Structures are given as structure tokens and as C-alpha cells.
1. When you check Ala47 against the structure, is it among the aliphatic types (A, V, I, L, M), more than 15 Å from Ile170 (Cβ to Cβ), free of Cβ contacts under 8 Å to residues at least 60 places away in the same chain and not in a loop (DSSP other than H, G, I, E, B), yes or no?
2. Restricting to the stretch 72-113, name every residue that is in contact with a Pro (Cβ under 9 Å, 6 or more places away or on another chain) and over 22 Å from Ile133 (Cβ atoms).
3. Listed residues Ala281, Ala261; which is under 29 Å from the mean Cα position of the chain (by Cα) and in the same structural domain as Arg191 (by TED's automatic domain parsing)?
4. Could you pull out the residue among Ala167, Ala75, Ala141 that is free of Cβ contacts under 8 Å to residues at least 24 places away in the same chain and aliphatic (A, V, I, L, M)?
5. Testing Arg80 on (1) within 24 Å of the chain's Cα centre (by Cα); (2) not in a helix (DSSP H, G or I), one condition comes back false. Which one is that?
6. Residues that are closer than 25 Å to Glu157 by Cβ, crowded, with 18+ Cβ neighbours inside 10 Å and at pLDDT 95 or above: does the stretch 197-215 have at least one?
7. Considering the stretch 1-44 alone, what residues qualify as being over 29 Å from the mean Cα position of the chain (by Cα) and not in a helix (DSSP H, G or I)?
8. Which numbered condition trips up Ala222, out of (1) part of a helix (DSSP H, G or I); (2) touching a strand residue (DSSP E or B) at 6+ places or on another chain (Cβ under 7 Å)?
Amino acid sequence: MDALPSLEQLNAADASTFLDHLGEVFEHAPWVAAAVVGQRPFASADALHRAMLAAVAARPEDARVALFNGHPELAGTAARLGQMTADSVREQGGLALGALSAEDGARWDALNTAYRARFGFPFILCIKRHTRISALAAFEARLAGDLRTELANTLAEIGRITRLRLAGRIAGHGLDGLHGSLAVQVLDSQRGRPAECLRVALHDADGALLAQGVQQGDGRTAPLLAGAPLRMGRYELRLHLGEHQRRQGGADGWLDVVPIAFAIDAPEADYRLTLTVAPWAYSVACAREG
């Protein structure tokens, strides 16, 4: 299938086509897709994913550990040498884990070595939901856990990883709870209307620019983040308030670029920051759905 197939097409496809298309959803484990091909037709992509996870969970512990060991370490040797699957390259590439500094690389190496020595398989995390800081925090926290807990945690993370991978392979997949969003609305209290044309910029904890937008007539931008899980961590939204005042023909106030620090801890939630601004003051309200 050259074009992305629908679930209906996958249900109707011959077994070989089904396996060719979904065999890499679980890292180096085409047997997972093979285990469910005979269960078709699936009523939904969610039912297909649940069946695949059930096939893994039904295996004895040594078979599950073997599946875990098919995953590359985060920021490990395979990442640095480019010896990962296309899916893993995309996932780890979002945080540039294959291009760390020597100091950062040594920290990841030490954690990877300690985790594998303790549990017998690599640390697995749905890295699309994390910043580097939150990923390291999760790594250190889980390293202190016990084997039973880590077997469960690892399978749960593989569930998140494979749900996203499956969504990327099925047209009109209908899977919910995959993505979050961050939207901003700014109201100009001095003029009693939305702050049209005010520029906002989103930065990560290290100050790198992630996204920016200009408020439209209703005081909103297009979502600054959308179409993927939000990465857990700290962020800074910068309002270019002085620039806005000058564009509106007003006198400069005390505020120029206003930094708003906040955190995201729910990757699949919809966040909305509503700000009320004046030349000399501002207030912030944050709402979250999901």
C-alpha cells in the first residue's frame, strides 16, 4: 500500500500486506502484528492497539523482556551511530539525543548502564512526551524502583509509543488522547478589546525559541503547540508588550517584554493561557482540559 491505508483496508488486506504495514509498530517485534492478524476485522484502531498490547502482556516475562531488549537505549550507542529504526530516529531526534555534548552523553551513558545492570533491559520512555529535563528526572526516579514496577512501567511506555506509531500508519485512525495543545489569548484592558497584533513567543527552559505568533482580531494566536504530545517541562512565554504599545500609538509603559514562566505536566491536555495586559500591569489565567 503506497498511500496510508484505512483500518477498513487493513482489515480486508491479505495477511502479508497487514504484516508489512504494521510489523514495525512494535520495535523489532513483527510477531506482535502476526499475533493479531487472525483476529480481524477490528472495529477500531483502538481495538487493534489493545489486541496488540494484550498479545505482548500474555507472553511470559522472559519473552516480554526480550521485546524490551529490542528497543535502543535513549541517547545510547545505537543513537550516536545511526543504527536505529526510522521510528526511533524520529522519536529521539525530536530532542537531538544523538547529538549530545560529551558531558551530557556521559550522564545518559551512566544512567543507561546502571538501569540495564539493575533490571536486565533498557530504560524505555515515550520520549515524545518529554523534554530532556523531564526525561532525565523520570530516568532517575525509575532507576530507584523494583523489577515488578519497572516491568509494568516499561509496558505502559511501550503502549504510548506504539499508539502514536499506529496512528501514523492508519488514515483516519480515530485514536483519541494522542496530542495536546497550547493556545494563548491576550486582552488589552486599556483599550477594552483583544490585543490584536501583539507578538508572543514561546521558549523552552534553556531559552530556545519553540514557536511564535501574532494575536489576531479576537486576541488569539493559532495554537503555539499542537499536533503532537506536549513535552513535559518548564516553558517561558514572552509577550512583546512594549512593541505592541508603540504600534498602537501609545506611550511606552513600564513593561516591554513580559516573561511568563509556566509548566506543562499533562502531554495530552489542551492548555489555554489568557492574559490581560495594560502598559503598566498584566494578569495571567491558565485553564487546562484533559
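The values are calculated or read from the model by the stated rules, or taken from the named source; none is laboratory data. Since the model is a prediction, treat every value here as computed from it, not as a measurement. Note that each Cβ is placed from the backbone with ideal geometry, even for glycine, and that neighbours are counted across all protein chains shown.
1. Details: among the aliphatic types (A, V, I, L, M): yes; more than 15 Å from Ile170 (Cβ to Cβ): no; free of Cβ contacts under 8 Å to residues at least 60 places away in the same chain: yes; not in a loop (DSSP other than H, G, I, E, B): yes.
In short, no.
2. Those that are in contact with a Pro (Cβ under 9 Å, 6 or more places away or on another chain) and over 22 Å from Ile133 (Cβ atoms): Ala78, Gln83, Met84, Thr85.
3. Step by step, each of Ala281, Ala261 is checked, and only Ala261 is under 29 Å from the mean Cα position of the chain (by Cα) and in the same structural domain as Arg191 (by TED's automatic domain parsing).
4. Ala141
5. Against the list (1) within 24 Å of the chain's Cα centre (by Cα); (2) not in a helix (DSSP H, G or I), Arg80 comes up short only on (2).
6. no
7. Ala13, Asp14, Arg40, Pro41
8. For Ala222, the exception is condition (1).
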